[in-house]
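The values are calculated or read from the model by the stated rules, or taken from the named source; none is laboratory data. Treat the numbers as computed from the prediction; the structure is a model and nothing was measured. With ideal geometry, Cβ positions are generated from the backbone for all residues, glycine too; neighbour counts draw on all protein chains shown.
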Amino acid sequence: MNYIIDVNGLRKEFKSHASRSGLKGAFRDLFTRNYSTKTAVNGISLQIKPGEMVGYIGENGAGKSTTIKMLTGILTPTSGTVSVNGMDPHRDREQFVRSIGVVFGQRSQLWWDIAVQESFRLLKKVYNVSDAFYETHMEDVISTLNIEPLLNQPVRKLSLGQRMRCELAAALIHNPPLLFLDEPTIGLDVLVKLKIREFLKKINEKYGTTILLTTHDLSDIEALCERVIMLDEGNIIYDGALQQLRENWGEGKQIQFVFSEEVSLQTLQQLTAGYLVVWEQGDNGASWTASIDDDEDIISGVIGKVVSSIKIIDLKMAETTTEEIIRNIYEEGAIRNG
Amino acid sequence: MSYVSIFFQYASQYLKTRLTYRADALVEIISDLLSQAVNLIFILVVFGHTSLLSGWSRDEMIFIYGFFLVPFALFGAFFNIWDFTDRYIVKGEMDRILTRPIHSLFQIILERMELESLFGAVTGIVIMIVSASQLHLTFHWYDLFVFLLLAFSGAMVYAGIFISLASIGFWSDSRTDIMPMMYNIGNYGRYPVNIYNKVIRWVLTWILPFAFVGVYPSAYFLGKEEWYTYTYLTPVIGIVFFFISLFLWNKGVTKYRGAGN
């Protein structure tokens, strides 16, 4: 199997010195320094096939950005091997970056003062893209992203959503087979997010572009990625299908009852004595949540027992959201059956 | 030769932007001219009190100053890297630079160029022509090429020193005042080095070779044969210092730590 990203035992350590406090401490720092080594990425291995869309998630400081920066050739790994598009990103940097596109949500690729179109033209020159290819390819990208009316405006006059769409277009000028997106939807409104997701799906289908995406917004991942890689304190704690993650972790269902009068916990427990139910009180004595296994017999049994003896005003069923699942995982720190 | 065409693309884009802010560019050129005038007046004031300074006459001093302005203008136009650490390391702009398929230093030169500084070279050449006619200097046809070679070498000395200093930023991004200090030291290069004490002369020749930007190359045109050895060394020093700085830069890029998000 040919992998587009092949990483083995990748490690990155940062050395930093801790300053001592006070003037005396500052003097001592001049002569002997307390160096401490912080491991940002702790020997991870991962393989990604061409055409995959992979979500790379983790809390702040988990090592996501550091990994992305090593995969894009910005940082040199402390140890381990990286092969992306068959090249060593840091060693063959100038050759290598021709084969990738990068969008950092918090950093602009475009020139602030000049029109978007001029930025594109400079990048076209930088990537040495031929006129013919540029015309046909960019026309397609521009019309799909719907940025035609923005082309003559300077970047500083664009809204964040408009800028982000232009950034995406800029990253695709040379039609790279691999696209790195670091927080591409940060701070965007729902509509723009949807547009961007749609666009990413489309280029993935049309050009077979492999996409590695980091985000805090799990709905991005749900909408785009079949596979997630989860990072915690520099280690990969989960690598697999999103669906499986949900099945393993989102095992429960929750039923929220709002009764017409206050009900005691004891009454409820007696009513559902035959089932495994955890009752939790909501805002007041009349609202209760039952956590149960995702099983049709139990669900209908519990509902049946309760509604047959207590009057209800409202009833809601909720599945554990991916966000809750992820939170649970981080709280427990490791993956079961992972 | 794609670097050349990329350079022209950037330069034309630069001019386009500059032309929309014409007033800015004009103010910059005028303020450059003013500071050059102040420096000239300083030389004139000194020679109001004496006619020779360590064997150099007033017009020779002015000629050296005029020559110095040419490499300095080249340097100022293309190596605006005095705020490199702040702008590229601390703010993490280097991330963006490193994701593009051009040598990182070349990209920074392209992004930071200030072509209006080149106007200083015009001033310098005018000053040289005026003082040369005062001194009744004669030139050969090949002196033009010697001049170009020496001016470029001087600019490389300057660039080498400042690129090396900027490279420090890859290892340590703490604030230092070393850049402005170096600009001040650089100014010593526009006066003949034998007016300084021995230690300073040695430093300006071998450690921070700013003397190769002004006095040593000018000595050739002024016919000061006792300095010719240094004149011939100028291209060598320029190349050596520039390559040392490139080496440091390339080494530094591998040490780049990035800025946290």
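Residues in segment A:192-221 that are among the hydrophobic types (A, V, I, L, M, F, W, C) and at pLDDT 90 or above: A:L194, A:I196, A:F199, A:L200, A:I203, A:I211, A:L212, A:L213. For B:F221, the conditions (1) touching an Asp or Glu at 6+ places or on another chain (Cβ under 9 Å); (2) closer than 19 Å to B:S164 by Cα all hold with the exception of (2). Specify the residue that is surrounded by the most Cβ atoms within 10 Å (Cβ to Cβ); the eligible residues are those in segment A:9-29 that are in a helix (DSSP H, G or I) and out of contact with any His (no Cβ under 9 Å at 6 or more places or on another chain). Ranking the qualifying residues of segment A:9-29, first place goes to A:R28. Here is the figure for segment B:171-199: residues that are over 20 Å from B:M61 (Cβ atoms), assigned to a loop (DSSP other than H, G, I, E, B) and touching a helix residue (DSSP H, G or I) at 6+ places or on another chain (Cβ under 9 Å) total 5. For the criterion of being over 15 Å from the mean Cα position of the chain (by Cα), away from every other protein chain (no Cβ under 14 Å) and of a type in the set (F, W, Y), B:F84 passes.
In segment A:43-124, counting only strands (runs of 3 or more DSSP E) that sit wholly within it, the ones holding 1 or more residues that are within 10 Å of chain B (Cβ to nearest Cβ) span A:100-104.
Applying the criterion of being assigned to a helix (DSSP H, G or I) and at the interface with chain B (Cβ under 10 Å from one of its Cβ atoms) to the residues of segment A:125-145, the residue that is nearest to B:G258 (Cα to Cα) is A:V126.
Condition check ((1) touching a strand residue (DSSP E or B) at 6+ places or on another chain (Cβ under 9 Å); (2) exposed (fewer than 13 other Cβ atoms within 10 Å of the Cβ); (3) not aromatic (F, W, Y)) across all residues:
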| site | (1), (2), (3) |
| --- | --- |
| B:W206 | no, yes, no |
| B:P209 | no, no, yes |
| B:E225 | no, yes, yes |
| B:L233 | no, no, yes |
| B:I244 | no, no, yes |
| B:L248 | no, no, yes |
| B:V253 | no, no, yes |
| B:A259 | no, no, yes |
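Screening segment B:200-235 for residues that are of a type in the set (V, I, T) and part of a helix (DSSP H, G or I) and picking the one that is farthest from B:A155 (Cα to Cα) gives B:I200. The strands (runs of 3 or more DSSP E) found wholly in segment A:229-338 and carrying at least 2 residues that are among the hydroxyl-bearing types (S, T, Y) and modelled with pLDDT of 80 or more occupy A:287-293. Among residues of segment A:316-328 that are within 13 Å of A:L218 (Cα to Cα), those with a beta-carbon under 8 Å from a residue that is in a helix (DSSP H, G or I) and acidic (D, E) at least six positions away or on a different chain give the pairs A:T322/A:E222. When A:T215, A:T210 are checked against the criterion of being in contact (Cβ under 8 Å) with a residue 60 or more places away in the chain, over 17 Å from A:D314 (Cα atoms), buried (at least 20 other Cβ atoms within 10 Å of the Cβ) and over 13 Å from the mean Cα position of the chain (by Cα), a single residue qualifies: A:T210. Remark: pairs (first residue in segment B:178-202, surrounded by fewer than 17 Cβ atoms within 10 Å (Cβ to Cβ); second residue among the hydroxyl-bearing types (S, T, Y); Cβ separation under 8 Å; 6+ apart in sequence or on different chains) = B:N194/B:S54; B:I195/B:S54; B:Y196/B:Y188; B:I200/B:Y188. Taken together, the residues in segment A:168-206 that are within 14 Å of chain B (Cβ to nearest Cβ), charged (D, E, K, R) and out of contact with any helix residue (DSSP H, G or I) (no Cβ under 8 Å at 6 or more places or on another chain) amount to 1.
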